[in-house]
Amino acid sequence: MFKRACLSHEGMEEIKIAATDQVPEGMGIIVEVGGKSLALFNVHGEYYAIDNTCPHRGGSLGDGFLEGERVTCPIHGWQFDVTSGKGVAPPGAAIKSYKVDVRGEDIFVEME
Ligand code: FES
């Protein structure tokens, strides 16, 4: 795992979590990093990371169904916008999202 201090946000660090070829377009993968489980998605060549654990009852969002920017939890169907972590259904739900940076073939997330 590659880490470096993030100069733009004090107290944050960037951690390499995957290579671009590990995340097929229109799919998500699950990445364990820094004691957390993240779901990393490829939406038309743009990468987005959110917490993997559904806030409803713990479903794995990285195993969910991705349609455009929306992922559907495989357990009971809650939906989230992977670009922001905002709940789509129900709209009051939310999940933490992480800033993603792609450099070359490496995907980094910014974490505390
Ligand atoms: S655990 Fe995700 S919708 Fe219930």
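Remarks
- On the stretch given as region 53-81, residues that are more than 10 Å from the ligand (Cβ to nearest atom), buried (at least 16 other Cβ atoms within 10 Å of the Cβ), part of a strand (DSSP E or B) and not hydrophobic (A, V, I, L, M, F, W, C) total 2.
- Members of region 33-51 found to be farther than 18 Å from ALA19 by Cα and not charged (D, E, K, R), listed by number: GLY35
- Condition check for GLY35: out of contact with any Gly (no Cβ under 6 Å at 6 or more places or on another chain), at pLDDT below 95 and among the small types (Gly, Ala, Ser): yes
- Figure legend. Inter-residue proximity from region 90-112: first residues farther than 19 Å from ALA39 by Cβ, second residues surrounded by fewer than 19 Cβ atoms within 10 Å (Cβ to Cβ), beta-carbon distance below 7 Å, spacing 6+ or different chains. Indicated pairs: GLU105/ALA19; GLU105/THR20; GLU105/ASP21.
- Number of residues in region 19-50 that are in a loop (DSSP other than H, G, I, E, B), touching a Phe, Trp or Tyr at 6+ places or on another chain (Cβ under 9 Å) and surrounded by fewer than 18 Cβ atoms within 10 Å (Cβ to Cβ): the value is 2.
- None of SER97, SER37 is among the polar types (S, T, N, Q), away from the ligand (no atom under 16 Å from the Cβ) and within 14 Å of the chain's Cα centre (by Cα) except SER97.
- Any chance HIS76 is of a type outside the set (A, V, I, L, M, F, W, C) and closer than 19 Å to THR20 by Cβ: no
The values are calculated or read from the model by the stated rules, or taken from the named source; none is laboratory data. Please read these numbers as outputs of a predicted model, since none were measured by experiment. Cβ atoms come from the backbone with ideal geometry, glycine included; neighbour counts cover every protein chain shown.
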